[in-house]
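A.B. asks: First the structure, then my questions, so here it is.
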Amino acid sequence: MLVLMSLLACRGDNTPAPTPADPEDTGETPDTTTPTDTAPPTDTAPPTDTGTTDTGTTDTGEEEPEIVIDCSALPTTPGYNVLSGPRGYHGLLLDDDGYIMGSDTNSIIKADYKGSSSVLAPSQGYIEQLAWLPDGDIVFSKSSNNSLARLDPKTGGTSTLAASTYAYGVIVGSDEMIYIADNQRISRVDPDTGSKEVILSTLPGYAYPRVLAFNEDETILYIGTLSNNGTVFTLTLDKDHEVVGMPSLYASGVGTGYHDGMAVDVCGNVYVTDYYTRGIYRIATDGSVTTLLSGLNSDHGHGMVWGNGIGGWKEMALYLPLPYNGNKVMELGLGVPGKGWEGKVINK
């Protein structure tokens, strides 16, 4: 904390806010936004959880029982599988044709659930997170040249959307704007013009925005951080996605302060991955924190995306890229779907 305070004291009005040292870079990423450190050691992955594997069912002609999600009785010890076919560095994205897309640190790769893969967009360098744009294109952050780029998934063609714009966390709101976190501040980017507006310049307590997620109706923006004590904040938004008031502390002790992924389930729980503990955490709607997994080492996951139930990708699972395990992909079975799921939910 003394280092952060000293850096903050030295900052001029036009100098970027200080960023804690980036422990997760392997020395290969040409990302000058965060300092380079050593990647975590590689450990043997835990045994494969067969409970998350789709074995298929026989059609008997009978109606399948209705799935009911009980938000008061969610599993606390999820299992996971490591999928060798898909690739993901710091972010993933699923489409409606049964493919998952992510980076192998050079190209954007698309793969199906069975493991067949192909190059979608070659020679993109290191990229961070990806999100769908309203027109069907994909926005992604290129840390190799600190820009936001646009990808046409039909052709694989790419173009620069906003130059000189580093981002780690990237999401798109229902207002059709791009929201980015750059380890210093949160900005909103117009996908048509590339113009950028800072909507949050500082967080309390020497914390810095890194990952983002909306709640169900997008009146709350959750903020995972670089911090000294694993803090997660909320930012209230009005119906026009304008900021209302100051950020509020939502939870602390979500790991020890280096958040790499964030997602929200249909019950309103927030999921966060933390580098220092190599853990995955669930924050309940009352702000209480549950450790789901820790000590994952080489299977430490980054940007999270919910399965969509298409082509084998499970709705009750999160998918996470594993940059320290050959950029493979983790399937994390949680027994609950993401926000926006249209089934029956009780005790929410």
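A.B. asks: Working carefully through the options Gly268, Gly307, Gly255, find the one that is within 18 Å of the chain's Cα centre (by Cα), modelled with pLDDT of 95 or more, within 24 Å of Lys114 (Cα to Cα) and among the small types (Gly, Ala, Ser).
C.D. replies: One residue alone meets the criteria, Gly307.
A.B. asks: Is it the case, given these coordinates, that Gly102 is in a loop (DSSP other than H, G, I, E, B) and not acidic (Asp, Glu)?
C.D. replies: Answer is no for this residue.
A.B. asks: Given the structure, is Gly88 closer than 28 Å to Ala284 by Cα and crowded, with 17+ Cβ neighbours inside 10 Å?
C.D. replies: yes
A.B. asks: Could you please give the count of residues in region 297-331 that are surrounded by fewer than 24 Cβ atoms within 10 Å (Cβ to Cβ) and in a loop (DSSP other than H, G, I, E, B)?
C.D. replies: The qualifying residues number 14.
A.B. asks: Same structure again: Inside region 137-163, can you point out the residues that are at pLDDT below 95 and among the hydroxyl-bearing types (Ser, Thr, Tyr)?
C.D. replies: Across region 137-163, the qualifying residues are Ser143, Ser144.
A.B. asks: In this structure, is Ser174 modelled with pLDDT of 95 or more, outside any loop (DSSP other than H, G, I, E, B), within 18 Å of the chain's Cα centre (by Cα) and over 20 Å from Lys110 (Cβ atoms)?
C.D. replies: no
A.B. asks: Suppose we filter region 143-158 for residues that are more than 15 Å from Val189 (Cα to Cα) and either assigned to a loop (DSSP other than H, G, I, E, B) or not aliphatic (A, V, I, L, M) (or both); how many remain?
C.D. replies: Residues in region 143-158 being more than 15 Å from Val189 (Cα to Cα) and either assigned to a loop (DSSP other than H, G, I, E, B) or not aliphatic (A, V, I, L, M) (or both): 10 in total.
A.B. asks: Still on this structure, I have one more. Go through region 183-225 and give me each residue that's of a type in the set (Asp, Glu), assigned to a loop (DSSP other than H, G, I, E, B) and under 22 Å from Thr160 (Cα atoms).
C.D. replies: Asp190, Asp192
A.B. asks: In this structure, does Thr285 turn out to be buried (at least 24 other Cβ atoms within 10 Å of the Cβ) and in contact with a strand residue (DSSP E or B) (Cβ under 9 Å, 6 or more places away or on another chain)?
C.D. replies: no
A.B. asks: If the Cβ limit is 6 Å and pairs must be 6+ apart or interchain, which residue in region 64-81 that is small (Gly, Ala, Ser) pairs with which residue that is surrounded by 14 or more Cβ atoms within 10 Å (Cβ to Cβ)?
C.D. replies: Hits for this filter: Gly79/Asp49; Gly79/Thr52; Gly79/Gly333.
A.B. asks: Here are some residues: Val270, Val336, Val264. Which one is under 20 Å from Leu221 (Cβ atoms), surrounded by 24 or more Cβ atoms within 10 Å (Cβ to Cβ) and either out of contact with any Pro (no Cβ under 8 Å at 6 or more places or on another chain) or hydrophobic (A, V, I, L, M, F, W, C) (or both)?
C.D. replies: One residue alone meets the criteria, Val270.
A.B. asks: Could you please let me know if Thr234 is part of a strand (DSSP E or B), in contact with a Ser or Thr (Cβ under 6 Å, 6 or more places away or on another chain), surrounded by fewer than 22 Cβ atoms within 10 Å (Cβ to Cβ) and of a type in the set (Val, Ile, Thr)?
C.D. replies: yes
A.B. asks: Could you tell me which residue of region 240-251 is farthest from Met262 (Cα to Cα), considering only residues that are in contact with an Asp or Glu (Cβ under 9 Å, 6 or more places away or on another chain) and not acidic (Asp, Glu)?
C.D. replies: Taking the candidates together, the pick is Val244.
The values are calculated or read from the model by the stated rules, or taken from the named source; none is laboratory data. As the structure is a computational prediction, the values presented were derived from the model and not from experiment. Note that we place each Cβ from the backbone using ideal geometry, even for glycine, and neighbour counts take in every protein chain shown.
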